[in-house]
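To start, the structure itself, in structure tokens.
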Amino acid sequence: MQVKVLFFGVLAEVSGTGIKYYHDVRSISDLKLRIQDDFPEIVHYNFRISLNSELTDKDIELKSEDVIALMPPFAGG
Amino acid sequence: METNYLTDGPVSQKIITLLIEKMGGKTDSGGHTIFLGQVRADVIDGLKVKAIEYSAYIELVNVEAEKIKKTIFSEFADVNSIEIVHSTGIVYAGEISLLVFVSAGHRHQAMQACSKTVELIKVNLPVWKKEIFEDDSHKWK
């Protein structure tokens, strides 16, 4: 299985890319650890997570084709 | 991904005048309140902001903007329509980056609902800004 991860705001810069695909990830907490392995400095940033365009703070099991977004505090206007 | 809520670059005078024309067609409205957010040339650590580069999560912008409109319609019974347009990409200091246009039967709800819409946008719309300084260095906000 494969999931798509979107990095927004400053996290796009931290990750060096706006999009990255991860394979065989079980859950959101598992994914966070994998992302942290790839981009250790991400621990210094606050961010919220959305799963398939819905904000969530739960540790949800992931399935193939899920889209997860990492979003720093919003700053519109 | 389609969106009615985002525009590439500054919110143009054309968008603003088109909305005034469109809202004029709703003759049950007695007042419109328009909020225009402008990029400010802040000076931070001696460096002047020349532009802001906005980025957005389009799919979630659509979801959240719909939620904001729903909230406003349920709180302000006199409001007839709400339009939200936010910039993406580069907007220079002095240019418009956000438009909120609220029409209502009477002025009080038009003004109150517009103010509340702007506040909800600030908190809930997934938009990010990068301040670009005159020396081309930048800072995320």
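Determine, yes or no, whether A:Gln2 is touching a residue at least 60 places away in the same chain (Cβ under 8 Å) and either farther than 29 Å from B:Leu120 by Cα or surrounded by fewer than 12 Cβ atoms within 10 Å (Cβ to Cβ) (or both). Lay out the reasoning, then the answer.
Working: touching a residue at least 60 places away in the same chain (Cβ under 8 Å): yes; either farther than 29 Å from B:Leu120 by Cα or surrounded by fewer than 12 Cβ atoms within 10 Å (Cβ to Cβ) (or both): yes.
When the stated conditions are applied, A:Gln2 passes them.
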Kindly indicate whether A:Val67 is surrounded by 14 or more Cβ atoms within 10 Å (Cβ to Cβ) and within 16 Å of B:Ala56 (Cβ to Cβ). yes
Exception for B:Glu64 within (1) within 17 Å of A:Phe74 (Cβ to Cβ); (2) of a type outside the set (Gly, Ala, Ser); (3) surrounded by fewer than 16 Cβ atoms within 10 Å (Cβ to Cβ); (4) in contact (Cβ under 8 Å) with a residue 24 or more places away in the chain falls at (3)
Subset of region A:30-46, residues of a type in the set (A, V, I, L, M, F, W, C) and surrounded by fewer than 16 Cβ atoms within 10 Å (Cβ to Cβ), comes to A:Leu33, A:Val43
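Just one of B:Lys70, B:Lys122, B:Lys141 is surrounded by fewer than 17 Cβ atoms within 10 Å (Cβ to Cβ) and at pLDDT below 95; which is it?
Values: B:Lys70 fails: at pLDDT below 95; B:Lys122 fails: at pLDDT below 95.
Result of the check over B:Lys70, B:Lys122, B:Lys141: B:Lys141.
Being surrounded by fewer than 17 Cβ atoms within 10 Å (Cβ to Cβ), over 15 Å from the mean Cα position of the chain (by Cα) and in contact (Cβ under 8 Å) with a residue 24 or more places away in the chain narrows it down to one of B:Asp78, B:Asp42, B:Asp8, so name that one. Spell out the reasoning first.
Working: B:Asp78 fails: surrounded by fewer than 17 Cβ atoms within 10 Å (Cβ to Cβ); B:Asp8 fails: over 15 Å from the mean Cα position of the chain (by Cα).
Going through B:Asp78, B:Asp42, B:Asp8 in turn, the sole match is B:Asp42.
The values are calculated or read from the model by the stated rules, or taken from the named source; none is laboratory data. In this text the structure is predicted, and so the values were computed from the model without any measurement. Glycine also receives a Cβ, built like all others from the backbone with ideal geometry; neighbour counts cover every protein chain displayed.
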